[in-house]
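The values are calculated or read from the model by the stated rules, or taken from the named source; none is laboratory data. What you see is a predicted model; the values in this text were computed from it and never measured. Backbone-built Cβ (ideal geometry, glycine too); neighbour counts: all protein chains shown.
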Amino acid sequence: MIYAFNGIQDRTPLWDHLWRFTGQVDGPWAMAGDFNCVLSASERVGGNTPNAEIEPCRACVADCEVVDIPATGSLFTWNNKQQYVDRIYSRLDRFMINKAWSDKFPELYANFLPDGIFDHTPCLLNSSTQVQQIRSFKLAKNLKLLKPSLKALNREKYSDIEKSTSVMQKRVADLQELIGKV
């Protein structure tokens, strides 16, 4: 089980320990918990994601030769519980395995439940052959729900894009001509 410190420098001993541990284990192993960092900028919405946070964790994951198990449910496993534009969502919690574990338990997946009163989402470990069907069904359902909003946005904001482009090009040409006269 992992609980990484909040500070980037404070996590360095954890990455070193995991790397040493990897060299001592022959066979299946897993690590799970709160890594307190993301592996890519796409795993955070809101706030900033410095490379100094991403790179050490990403290097540790590569050195340990582990991957996230398939997951369903909430993509973001933590949020700061702030309101509106101050809210930050991140994927801080993970369940990672090596190849030997994956070979032994190929149907294992994590189900991250909706967040509740706590800042982290609960996670259930499951074993089922249905994980891919669950994920694709949710995706199709979400895309269908999103379609009317996207169509309306397209109609309202981008319906006459060619005309708008022509108007803007004319304005730029007029400004260039005016600047040339000054």
Candidate set: region 77-100, residues that are surrounded by 15 or more Cβ atoms within 10 Å (Cβ to Cβ) and touching a helix residue (DSSP H, G or I) at 6+ places or on another chain (Cβ under 8 Å); chosen: the one farthest from Gly47 (Cα to Cα): Asn98
Criterion (more than 15 Å from Asn6 (Cα to Cα), buried (at least 18 other Cβ atoms within 10 Å of the Cβ) and not charged (D, E, K, R)) met by exactly one of Ser74, Ser42: Ser74
Ala32 in the same structural domain as Met96 (by TED's automatic domain parsing), farther than 26 Å from Tyr109 by Cβ and hydrophobic (A, V, I, L, M, F, W, C): no
Any hit, region 1-14, residues being closer than 30 Å to Lys141 by Cα, out of contact with any Asp or Glu (no Cβ under 8 Å at 6 or more places or on another chain) and not assigned by TED's automatic domain parsing to the domain that holds Asn142: no
Inter-residue pairs, beta-carbon under 6 Å, first assigned by TED's automatic domain parsing to the domain that holds Pro114 and at negative phi and in region 77-95, second at pLDDT 90 or above and among the acidic types (Asp, Glu), 6+ apart: Thr77/Asp93; Trp78/Asp119; Arg91/Glu43; Leu92/Asp34; Asp93/Asp34; Arg94/Asp68
Residues being of a type in the set (A, V, I, L, M, F, W, C), in contact with a strand residue (DSSP E or B) (Cβ under 8 Å, 6 or more places away or on another chain) and within 23 Å of Tyr89 (Cβ to Cβ) - total across region 15-38: 4
Tally of residues being aliphatic (A, V, I, L, M) and surrounded by 15 or more Cβ atoms within 10 Å (Cβ to Cβ) across region 101-128: 2
